[in-house]
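Report on the structure given below.
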Amino acid sequence: MLSTRGYASTNPTSTLEPFHFERRDLGPHDVLIEILYCGICHSDIHQARDEWGGSMFPMVPGHEIVGRVARVGSAVTRLNVGELAGVGTMVDSCRVCESCKDGLEQYCAKHPSWTYNGIEQDGKTPTYGGYSSQIVVDEQYTLKIAPNLPLANVAPLLCAGITTYSPLRHFNVGPGQRVGVVGLGGLGHMAVKLAASMGAEVTVFSTSKTKEQDARRLGAQDFVVSLDPKNLDALANRFDFILDAVSAPHDVNAYLNLLRRDGVVAMVGVPAKPLQVQALSLILKRRTLTGSGVGGIRETQEMLDYCAERHITSDVEVIPIQQVNEAYERTLNGDVRYRFVIDMNTL
Ligand code: NAP
Ligand code: ZN
Ligand code: ZN
């Protein structure tokens, strides 16, 4: 077994503290990645605090992982020792169900093995995430990372990037379309960059007046302070597609009403409590409310290559791991521009 250092929470109200644990020895298809950077996703906070239910402890969060390959199993062909590699939200899945065969492993009919707070395909071994020195992953669930981008800024692409890229692609966002992004956080700021890069006209809906300049710099044409309902009323029946990346309870009807006929609101944010939907918000213009979960491995690679070609990365604040608990509080207070990334050398 491989002795590994990390940070873990031990219960829903504990802070994250140093933690030692074992990773499995390399099988023939495994790679050992020495972790260099790991982003802090709001999902880490939801799960460390058991806001969605079913959290398993001790928990080593982290699913925006970039690092360097330190060792490879005897049958590995995809990566070589010394190369950069990434791991996102999944480390395995059943590989035989319809979704896995379609490259949509995140919707695996058995269960995806989430990178942390999950279980391996053996049905019993817990998974531990990227707030740690190293990780062992089957090569098929690793991503190739181009060497031309700043690595700390690439890490958030492994979740925030793919989670916004995938629905933008699935719903064919492109030139001539009006796209709304609700919530300018880690996911939201990637959604703005990506939707703008695809040629859409982007409007940001934010509760933070102070983010207007940033929103425009990131590629938005318009910025709307969502706290005043009058600001939204003026935009009724206007949008083709709205991506809702809000982490807390809010009124989704307000955004459904901004859609044109047959428009789509896609939820990527996962508030802990159920949202209330007015049937008439959907019925009157045959609108769709849907959701989207991260992205499959193939599409994650496509997104990384797309970003590498266009020099698209995340705006980050790099922190030492000793500041992880403070970073959680600051994320909850909306005090991050726009993603914390842990420098794992500080572990
Ligand atoms: P984040 O960086 O904290 O951003 C969330 C944003 O939501 C904030 O920046 C804020 O934007 C807005 N917000 C926060 N509280 C609000 C409130 N009470 N009312 C209205 N707006 C509020 O979080 P993140 O990492 O981007 O994650 C966002 C959500 O997506 C989380 O729930 C996370 O678990 C989920 N997620 C889902 C997937 C998936 O596969 N679907 C993947 C990753 C993450 P403004 O300041 O602009 O208002
Ligand atoms: Zn995430
Ligand atoms: Zn499957």
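The values are calculated or read from the model by the stated rules, or taken from the named source; none is laboratory data. A quick note: this is a predicted structure, and the numbers were derived from the prediction, not measured. With ideal geometry, Cβ positions are generated from the backbone for all residues, glycine too; neighbour counts draw on all protein chains shown. The accessibility values were calculated without ligands, DNA or RNA, using every heavy atom of the protein model including side chains. Shrake-Rupley method; radii C 1.70, N 1.55, O 1.52, S 1.80 Å.
Among the residues of the stretch 76-133, what is the count of those that are within 14 Å of ligand 1 (Cβ to nearest atom), of a type in the set (Gly, Ala, Ser) and touching a Phe, Trp or Tyr at 6+ places or on another chain (Cβ under 7 Å)?
Residues that pass the stated criteria total 1.
Filter the stretch 49-71 down to the residues that are of a type in the set (A, V, I, L, M, F, W, C), part of a loop (DSSP other than H, G, I, E, B) and surrounded by 24 or more Cβ atoms within 10 Å (Cβ to Cβ) and list them by number.
Matches in the stretch 49-71: Val60 only.
Scanning for something within 16 Å of ligand 1 (Cβ to nearest atom), open to solvent by less than 10 Å² (accessible area, probe 1.4 Å) and of a type in the set (Gly, Ala, Ser), does the stretch 41-48 turn up at least one residue?
Yes, there is a match, as at least one residue in the stretch 41-48 is within 16 Å of ligand 1 (Cβ to nearest atom), open to solvent by less than 10 Å² (accessible area, probe 1.4 Å) and of a type in the set (Gly, Ala, Ser).
Look through Ala254, Ala272, Ala245, Ala236 and report the one residue that is touching a Leu at 6+ places or on another chain (Cβ under 7 Å) and within 24 Å of Ile40 (Cα to Cα).
Unique residue meeting the criteria: Ala245.
Examine the stretch 72-93 for a residue that is near ligand 3 (Cβ under 10 Å from one of its atoms), open to solvent by 10 Å² or more (accessible area, probe 1.4 Å) and within 21 Å of Leu158 (Cβ to Cβ), and state whether such a residue exists.
Among the residues of the stretch 72-93, at least one is near ligand 3 (Cβ under 10 Å from one of its atoms), open to solvent by 10 Å² or more (accessible area, probe 1.4 Å) and within 21 Å of Leu158 (Cβ to Cβ), which makes the answer yes.
Conditions: (1) without any contact (Cβ under 8 Å) to a residue 40 or more places away in the chain; (2) open to solvent by 20 Å² or more (accessible area, probe 1.4 Å). Leu259 meets all but one. Number of the miss?
Status for Leu259: all satisfied but (2).
Given the residues Lys209, Lys230, which is the only one that is at pLDDT below 95 and farther than 17 Å from Ser166 by Cα?
Lys230
In the stretch 297-340, which residue that is within 15 Å of the chain's Cα centre (by Cα) and within 12 Å of ligand 1 (Cβ to nearest atom) is surrounded by the fewest Cβ atoms within 10 Å (Cβ to Cβ)?
So the residue we want is Asp315.
Test of understanding: among Ser281, Ser292, which residue is farther than 17 Å from Ile65 by Cα and open to solvent by less than 20 Å² (accessible area, probe 1.4 Å)?
Within the list Ser281, Ser292, the selection yields Ser281.
Any residue in the stretch 323-337 that's in contact (Cβ under 8 Å) with a residue 60 or more places away in the chain: show its pairings with residues that are assigned to a helix (DSSP H, G or I) and within 10 Å of ligand 1 (Cβ to nearest atom) at Cβ separation under 7 Å, as long as the two are six or more apart or on different chains.
That search, which allows pairs on different chains as well, returns Tyr328/Ile45; Thr331/His42; Thr331/Ile45; Leu332/Ile45; Val336/Arg330; Arg337/Asp214.
For Ile319, state whether it is of a type outside the set (Asp, Glu) and in the same structural domain as Arg95 (by TED's automatic domain parsing).
yes
Taking the stated definitions as given, is Asp138 assigned by TED's automatic domain parsing to the domain that holds Gly6, surrounded by fewer than 18 Cβ atoms within 10 Å (Cβ to Cβ) and charged (D, E, K, R)?
Criteria not met by Asp138.
If you scan the stretch 234-247, which residues turn out to be at pLDDT 95 or above and open to solvent by 40 Å² or more (accessible area, probe 1.4 Å)?
Ala236, Asn237, Arg238, Ser247
Select, from Glu34, Glu17, Glu64, the only residue that is closer than 19 Å to Pro147 by Cα, at pLDDT 95 or above and over 18 Å from the mean Cα position of the chain (by Cα).
Glu34
Would you mind finding the one in Val252, Val225, Val192, Val204 that is more than 19 Å from the chain's Cα centre (by Cα) and open to solvent by less than 10 Å² (accessible area, probe 1.4 Å)?
None of the other options fit; the residue is Val252.
Would a scan of the stretch 109-121 turn up a residue that is β-branched (Val, Ile, Thr) and either buried (at least 22 other Cβ atoms within 10 Å of the Cβ) or under 22 Å from Phe340 (Cα atoms) (or both)?
Yes, the stretch 109-121 contains a residue that is β-branched (Val, Ile, Thr) and either buried (at least 22 other Cβ atoms within 10 Å of the Cβ) or under 22 Å from Phe340 (Cα atoms) (or both).
Go through the stretch 141-157 and give me each residue that's within 16 Å of the chain's Cα centre (by Cα) and open to solvent by 30 Å² or more (accessible area, probe 1.4 Å).
Of everything in the stretch 141-157, just one residue is within 16 Å of the chain's Cα centre (by Cα) and open to solvent by 30 Å² or more (accessible area, probe 1.4 Å), namely Asn153.
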